[in-house]
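Visitor: A single structure is presented below for examination.
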Amino acid sequence: MSTPMLKVAVLVAPAIHPVSGRPCTHPADSAALALGLKLAGSSERLTVLYAGAAADEALAGYLAQGASCVTVLPTAEDADIAPLLAAQIADAELVLCGTRAGGGQGSALLPYQLAEELEAPLLPDALSVAIKGGSVEIEQFLPKGQRRSLAAALPVVVTVHERATPALPYSHARKEAGKVRRLMPVAAKAAEWRYEPGGRRARPLVAASRASGHERMLGAIAADDGKTTGLVVKQGDPVEKAQVLLDYLRDHQLVDF
Amino acid sequence: MTFTLAYALTGLFWLGAALLSLGLVRRAALWRQGRAAPVALGRLITIPKRYFVDLHHVVARDPFIAKAHVAVAGGAVAVLALAALNYGLMLYLPALDALMLLAALLMLAGAMLVRARRKAPPARLSKGAWNRLPKSLLLFSIGGALAALLALSGDAFGTAAQGLALLALAGLALGGAELALGIGLGGPMKHAVAGLLHLAFHPRQDRFSGDKRSTDLKPLDLAAKDYGVEKPSDFAWNRLLSFDACVQCGKCEAACPAYAAGQPLNPKKLIQDMVTGMAAGSGPAYAGNPHPGQAGKVRQGDPHQPIVGGLLDPETLWSCTTCRACVEECPMLIEHVDTVVSLRRHVTLTRGEVPGKGREALANLRDTDTVGGYPLAARYHWAIDLNVPVLLPGEHTDWLLMAGEGAFDMRYQRALRALVKVLKAAGLKVAVLGEVEPDCGDLARRLGDEATFQQLAGKMMDTLGRYRFNRIVTPDPHLFHCLKNEYPVLGGRYDVEHHSQVLADLLERGAVPLKADAAPLPATTYHDPCYLGRYNGETDAPRRVFKGIGIKVVEMERSGRKGRCCGWGGGASFTDIPGERRIPDMRMDDIRATGAEQVAVACPNCTAMLEGVVGPRPEVVELAELVAARLAV
Ligand code: SF4
Ligand code: SF4
C-alpha cells in the first residue's frame, strides 16, 4: 500500500500525565508515529522530530513505541518552532503530527503554521491515511461519529486523531535500542503568545423532563395493572404485534426506515 | 548351560549399559543447546538425599503410587546394581543371584501395582507410550527373576532350562530396552535418568536448603540485554533438563485453576511443548490432554525458533495465574511458573504484546506508580478520620502499615479501616507513608515487565530507606511476598509481616480487647491466598486468628497449601483470557460446597475476585473485619 521511497516526517512531543504530572507520550502523537511507521515502511525514510526544551527521558516513550531515533531540535521553551521545524523537514513528502501535542509548543495551531511555511496543504484530524499514487487520502474525524474523505497531492501535512491507529505497544527493548539525537541548538525568535486567564464556561445540563426517576421508569415500562403508561399487547398475530413494536421504535426515532 | 546364560547376561548387561550411555550423550547434546548455568558437577552427590527426602515428600501424598514406585524403582535399581556386580564384573556368585531374585520379585510386585493403576487410569495421566510402561516393567522383572532362578537352580530344570533361559533373556532384553533406549529416544523411562540429574542440577538449588521456600522470581540482567526466553535454546541447560524429567502424571493439570476453567493452558502440555521445542519436531507421541480448546492442533517446535506464536499460543501463556499449584504438586519438582514468566518476559520486554487490560495497567504503573492510574495522594484517603500518622523523615515508628493497591478499592478500604482499628486497640504504634508510597511492582513482574518491576522496586527501596521503622505490616500478600522474598537480592531487606501474622500474635498475647462472646457466629470457611499459603507457607496464622476470636473454620477440600487460586494472580484478571468458566466462580462453588455462610479472605485481590461473583452466594469478609467485629470498643 505504501508507495516505495515515500519520505515521512513525524512530529512528536512529550505530554504531561494528567494524574501524575510526569512526562509521557501523547496518544495523538503516538498514533501519528504508528501511522508513520506503517507508511514509511522502513526507519531510514522516517524522521521523528521534536523541537523544544524537554529532557531526553521524556521522549523515551516514543522510542518504546517504535521510533528507532528521535531527532531533537533544542530550543528555548517559548521559541516559535514552526519555521525551525519547517526547515528541518523541508524534504519530507508527508508530515504527520498529532492534532495537538500534550505539552511544549505543539499547540493545535502549529500544524497550520507549518503547512503555511512548507506551502503544503493541511489535512486535519485524520483517522486513516492512504497513499494513492502521488496523493494522500484521509478519513477525517468529525464529531458524533461522522466521517469525511479528504484528499490532496503530496507533499502534505496531516494531523492525526488520537483514535487513528493504536500505538505500537510499549517495549523496553525498543526503548533501549532507540536513540535520541540532539541537533545543534538554534536561536529562534520567541513566539508571540499572549497569555490571558481562561473564563470558566459552565454549561448547565437541562433535564429533558422534570419527573422523578421513578416516575420516568414507570412511564417507560409496561405492566398489566394499568398503573404504567407502557402498553402490553396480547391481541393479534405476530405481524400485528411486530407492527406495534415498529411503531414504537419509529415514534422514538430509534429506527429510521 | 548355566554358564552360557551367565555369559549372555554379561553381554546383555554391557550392551544395555553402552546403549544407555550413548543415549545419554545424545540427550545431553539437546540440553546443552541451552545457556550456561551456574551449577557445579559436584551436586551429583546430593541426589540420594534429594530423592529420598524432597522428591519422596511430594510423591508420598499419593500413598498408592508412592508404594508402587518404591517397589518398582527400588527393585529395578537393586536388580541393576546386582547385575552390574555379578554379571557386569563376571563374579557369578550364587549369593548375589539370590539377592537379585528377591529384588526382581519386589519389582514384580511394584509393576503389578503400576499395572493395576493403569487399568482404570485417572484422566490426568498420559496414555500412549506410558501405557506400555507397566508391561515393560513386568517383562523386565519376570526376566530378572527367571534368570536369577535359573542361575541358582543348577541343572534342576533339565531340558526345559534352555527354553527358560531364552525366555529370561528375552524378557530382560525387551524390558531393559525401555530403560536403555528411553533416554536416547525420549521414551517414558527417560524420566529416570533425567529426573535424577534434574535433582542434582535443579535450577532452584535453594529449594533444597532448609526452611525457606524458594518462590521468588530471579531478576533479569537488563543492562546485559537479557530479555527472557524466546527460543528453547534461550533456556538455561538445566531448565531444558528439567523438562525431560516430567513423568506426565498430570498432577499439575489436575491442580491448575486455568485448566479447570477451560482456559487454553494445561501445565503438563506446556512442559511437553518445551520438550518438543528442545528436541525439534511436532510432539506426535504426546498422548495426554491438550490445552483446552486446542485438541488436534499440530505445532512444530525447533530449538532455535520462537516459542510463542509457533509452539505455543500467546493465550496459553497469559492464562496462568502464577498460583504455583502445579509446582506444589509436581513430583519431579519442575518449575512451571518460572517457565511461564521467562516466556512472558520476552514477549513483554521486546514486543509489549500484553493482552487485555494488562498493557494499560503497565502504562499506569510506569506513569503513576499505581496499577489503576490513581493519584498517589489518594492512597490513604480512607484513613483520613482514623488518626493514622503519616511518617515523616526523621521520625520513628514501630510498625509501618503499607496498604498497597487495595487502598484504592472502596470495598477493601473497609478491611483496611478495620485493620487500623484493631491495631490501634491493641496499642501498636502504627504509621503510614502517605503519598510517597509507590507500587511494589508485583503485577509488572508477573506480567513479564521486569524493567518496570525493577524501576518500581528501586523507587520503593529508596523511599523506605528514607524512613525509620522497626517492622512493616501489610494485608496484601503480593506486597508481602515482594518485600520479603524478591527485594533482598536487589538489596532491600525488611522485617515484614502479613497482617494475619500480626493479628494472630496479638490475639495470642491477649493484647486485643475482645467483647465477651456475642451472638453465635455464622459458619465460616477460609480461602488461602496463593501468595501467602504456597508462596510463603503461611497457612497457620490466619487459622490462629480464627481460633483467637472463637470461629471454627469449615475447611474446603482445596485449602492450605492445596488452596485454589481466586483467579487474580499473575495479572490473570487483567489479561482476562476467555475460558468456559471463571476461576472465581469455581472457587465460590468450592466455598458453597462447605455449606458456610461466609468466607474469610486475607488479600485485597481475593476480596475483589470473590466479591465479583454474581448471584446469591456466601458473604465475603476480610480477616481484619472479623477481628474488628469482636473488638470491645
Ligand atoms: S510437570 Fe510434574 S506434575 Fe506435571 S505431568 Fe510432569 S511430572 Fe507430573
Ligand atoms: S501456576 Fe497455577 S495457573 Fe499457572 S500453570 Fe500452574 S497451576 Fe496453572
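The values are calculated or read from the model by the stated rules, or taken from the named source; none is laboratory data. All values reported here derive from a predicted model rather than from experimental measurement. Methodologically, a virtual Cβ is constructed for each residue, glycine included, from the backbone with ideal geometry; neighbour enumeration extends over all protein chains shown. Just the protein is used for accessible areas: all its heavy atoms, side chains included, with ligands, DNA and RNA removed. Shrake-Rupley method; radii C 1.70, N 1.55, O 1.52, S 1.80 Å.
Visitor: Just for the range A:138-148: of the residues that are in a strand (DSSP E or B) and among the charged types (D, E, K, R), which one is surrounded by the most Cβ atoms within 10 Å (Cβ to Cβ)?
Guide: From the range A:138-148, those in a strand (DSSP E or B) are A:138-141, A:147-148; that's our starting set.
Those still in the list that are among the charged types (D, E, K, R) too: A:139, A:147-148.
Details: A:E139: 18, A:R147: 10, A:R148: 11.
This residue is A:E139.
Visitor: Which condition number does B:R207 fail, the rest of (1) assigned by TED's automatic domain parsing to the domain that holds B:V70; (2) over 23 Å from B:L93 (Cα atoms); (3) modelled with pLDDT of 85 or more being met?
Guide: It is condition (1) that B:R207 fails.
Visitor: Then there is this: Identify all residues within the range A:2-32 that are part of a helix (DSSP H, G or I) and either more than 18 Å from the chain's Cα centre (by Cα) or away from every other protein chain (no Cβ under 14 Å) (or both); write none if there are none. Working first, answer last.
Guide: Step one: list which residues in the range A:2-32 are part of a helix (DSSP H, G or I), which gives A:27-32.
Matches in the range A:2-32: A:A28, A:D29, A:A31, A:A32.
Visitor: Also, I was wondering about something else. Taking the range A:155-171 as the search range and keeping residues that are open to solvent by 40 Å² or more (accessible area, probe 1.4 Å) and more than 15 Å from A:V10 (Cα to Cα), which one is farthest from the chain's Cα centre (by Cα)?
Guide: If we take residues in the range A:155-171 being open to solvent by 40 Å² or more (accessible area, probe 1.4 Å) and more than 15 Å from A:V10 (Cα to Cα), then A:Y170 is farthest from the chain's Cα centre (by Cα).
Visitor: Being more than 30 Å from B:G352 (Cβ to Cβ) and either small (G, A, S) or open to solvent by less than 10 Å² (accessible area, probe 1.4 Å) (or both), is that true of even one residue in the range B:570-589? Working first, answer last.
Guide: Filtering the range B:570-589 down to residues more than 30 Å from B:G352 (Cβ to Cβ) leaves B:585-589.
Subset that is either small (G, A, S) or open to solvent by less than 10 Å² (accessible area, probe 1.4 Å) (or both): B:587-588.
Scanning the range B:570-589, I find at least one residue that is more than 30 Å from B:G352 (Cβ to Cβ) and either small (G, A, S) or open to solvent by less than 10 Å² (accessible area, probe 1.4 Å) (or both), so the answer is yes.
Visitor: Give the range B:300-341 a look and list any residue that's more than 13 Å from ligand 2 (Cβ to nearest atom) and small (G, A, S), or say none.
Guide: B:G301, B:G309, B:G310
Visitor: Is there a residue being within 14 Å of chain A (Cβ to nearest Cβ) and in contact with a Cys (Cβ under 9 Å, 6 or more places away or on another chain) anywhere in the range B:346-363?
Guide: Taking the range B:346-363 first, the residues within 14 Å of chain A (Cβ to nearest Cβ) are B:346-363.
Narrowing the set further to residues that are in contact with a Cys (Cβ under 9 Å, 6 or more places away or on another chain) leaves B:363.
Yes, the range B:346-363 contains at least one residue that is within 14 Å of chain A (Cβ to nearest Cβ) and in contact with a Cys (Cβ under 9 Å, 6 or more places away or on another chain).
Visitor: On the basis of being under 17 Å from the mean Cα position of the chain (by Cα), open to solvent by 30 Å² or more (accessible area, probe 1.4 Å) and over 16 Å from B:G187 (Cα atoms), does B:R239 make the cut?
Guide: On the way: under 17 Å from the mean Cα position of the chain (by Cα): yes; open to solvent by 30 Å² or more (accessible area, probe 1.4 Å): yes; over 16 Å from B:G187 (Cα atoms): yes.
Considered against the rule, which asks whether it is under 17 Å from the mean Cα position of the chain (by Cα), open to solvent by 30 Å² or more (accessible area, probe 1.4 Å) and over 16 Å from B:G187 (Cα atoms), B:R239 comes out as yes.
Visitor: Of the residues B:S242, B:S136, B:S233, B:S214, which single one is small (G, A, S), within 27 Å of B:C330 (Cα to Cα) and within 16 Å of ligand 1 (Cβ to nearest atom)?
Guide: B:S242
Visitor: Only one residue in A:A164, A:A188, A:A151 is within 30 Å of A:V129 (Cβ to Cβ), assigned to a loop (DSSP other than H, G, I, E, B), more than 14 Å from chain B (Cβ to nearest Cβ) and in contact with an Asp or Glu (Cβ under 8 Å, 6 or more places away or on another chain), so which one is that? Walk me through it before giving the result.
Guide: Values: A:A164 fails: in contact with an Asp or Glu (Cβ under 8 Å, 6 or more places away or on another chain); A:A151 fails: assigned to a loop (DSSP other than H, G, I, E, B).
Only one candidate passes the filter, namely A:A188.
Visitor: Look at the range B:373-414 and say how many of its residues are small (G, A, S), at the interface with chain A (Cβ under 10 Å from one of its Cβ atoms) and assigned to a loop (DSSP other than H, G, I, E, B).
Guide: Going through the range B:373-414 one residue at a time, the tally reaches 1.
Visitor: Being farther than 30 Å from A:G106 by Cβ, open to solvent by less than 80 Å² (accessible area, probe 1.4 Å), acidic (D, E) and over 40 Å from the mean Cα position of the chain (by Cα) is true for just one of A:D225, A:D237, A:D247. Which residue is that? Steps first, answer last, please.
Guide: On the way: A:D225 fails: open to solvent by less than 80 Å² (accessible area, probe 1.4 Å); A:D247 fails: over 40 Å from the mean Cα position of the chain (by Cα).
Sole residue among the options that is farther than 30 Å from A:G106 by Cβ, open to solvent by less than 80 Å² (accessible area, probe 1.4 Å), acidic (D, E) and over 40 Å from the mean Cα position of the chain (by Cα): A:D237.
Visitor: Which residue pairs have Cβ atoms closer than 7 Å, lie 6 or more positions apart in sequence or on different chains, and pair a first residue in the range B:449-478 that is in a helix (DSSP H, G or I) with a second residue that is among the aromatic types (F, W, Y) and open to solvent by 10 Å² or more (accessible area, probe 1.4 Å)?
Guide: B:L464/B:Y494
Visitor: Something else about it: For A:A207, are the conditions met, namely being of a type in the set (A, V, I, L, M, F, W, C) and out of contact with any Pro (no Cβ under 7 Å at 6 or more places or on another chain)? Walk me through how you get there before you give the answer.
Guide: Numbers: of a type in the set (A, V, I, L, M, F, W, C): yes; out of contact with any Pro (no Cβ under 7 Å at 6 or more places or on another chain): yes.
For A:A207, the condition - of a type in the set (A, V, I, L, M, F, W, C) and out of contact with any Pro (no Cβ under 7 Å at 6 or more places or on another chain) - is met.
Visitor: Still on this structure, I have one more. Which residue, of B:G163, B:G171, B:G158, B:G175, is buried (at least 23 other Cβ atoms within 10 Å of the Cβ) and more than 26 Å from B:A40 (Cα to Cα)?
Guide: Result: B:G175 is the single residue among B:G163, B:G171, B:G158, B:G175 that is buried (at least 23 other Cβ atoms within 10 Å of the Cβ) and more than 26 Å from B:A40 (Cα to Cα).
Visitor: Right, here's the next one. Please list, ordered by residue number, the helices (runs of 4 or more DSSP H) wholly in the range B:245-328 having 1 or more residues that are within 10 Å of ligand 1 (Cβ to nearest atom) and open to solvent by 10 Å² or more (accessible area, probe 1.4 Å). Outline the logic, then answer.
Guide: Numbers: elements: B:251-255, B:257-260, B:267-279, B:314-319.
Where helices (runs of 4 or more DSSP H) fall fully within the range B:245-328 and carry at least 1 residues being within 10 Å of ligand 1 (Cβ to nearest atom) and open to solvent by 10 Å² or more (accessible area, probe 1.4 Å), they are B:251-255, B:267-279.
Visitor: Return the residue satisfying two criteria in turn: it lies in the range B:431-451 and is in contact with a Phe, Trp or Tyr (Cβ under 6 Å, 6 or more places away or on another chain) and surrounded by 20 or more Cβ atoms within 10 Å (Cβ to Cβ), and of such residues it is farthest from the other protein chains (Cβ to nearest Cβ). Quick ask: steps written out before the conclusion?
Guide: Pass one, the range B:431-451, residues in contact with a Phe, Trp or Tyr (Cβ under 6 Å, 6 or more places away or on another chain): B:432, B:434, B:441, B:444-445.
Remaining after also requiring surrounded by 20 or more Cβ atoms within 10 Å (Cβ to Cβ): B:432, B:441, B:444-445.
On the way: B:V432: 20, B:G441: 14, B:A444: 11, B:R445: 13 Å.
Going through the qualifying residues, I end up with B:V432.
Visitor: Something else now. If B:D221 satisfies every condition in (1) of a type outside the set (F, W, Y); (2) within 14 Å of chain A (Cβ to nearest Cβ); (3) within 14 Å of ligand 2 (Cβ to nearest atom) but one, which is the exception?
Guide: Evaluating B:D221 over (1) of a type outside the set (F, W, Y); (2) within 14 Å of chain A (Cβ to nearest Cβ); (3) within 14 Å of ligand 2 (Cβ to nearest atom) leaves (3) as the failure.
Visitor: If you don't mind, there's one more thing I want to ask. Do we find a residue being small (G, A, S) and within 28 Å of A:A87 (Cβ to Cβ) anywhere in the range A:143-150? So that I can check it myself, show each step before the final result.
Guide: First, the residues of the range A:143-150 that are small (G, A, S): A:145, A:149.
Next, only the ones that are within 28 Å of A:A87 (Cβ to Cβ) stay: none.
No, there is no match, as no residue in the range A:143-150 is small (G, A, S) and within 28 Å of A:A87 (Cβ to Cβ).
Visitor: Looking at the range B:329-348 only, could you name the residues that are within 14 Å of ligand 1 (Cβ to nearest atom), touching a Leu at 6+ places or on another chain (Cβ under 9 Å) and in a helix (DSSP H, G or I)?
Guide: So in the range B:329-348, the residues within 14 Å of ligand 1 (Cβ to nearest atom) come out as B:329-340.
Those left that are additionally touching a Leu at 6+ places or on another chain (Cβ under 9 Å): B:331-333, B:336-340.
The answer is B:H336, B:V337, B:D338, B:T339, B:V340.
Visitor: Another one. Against the condition in contact with an Asp or Glu (Cβ under 9 Å, 6 or more places away or on another chain) and in a loop (DSSP other than H, G, I, E, B), how does B:S214 come out, does it pass?
Guide: On the way: in contact with an Asp or Glu (Cβ under 9 Å, 6 or more places away or on another chain): yes; in a loop (DSSP other than H, G, I, E, B): yes.
Yes.
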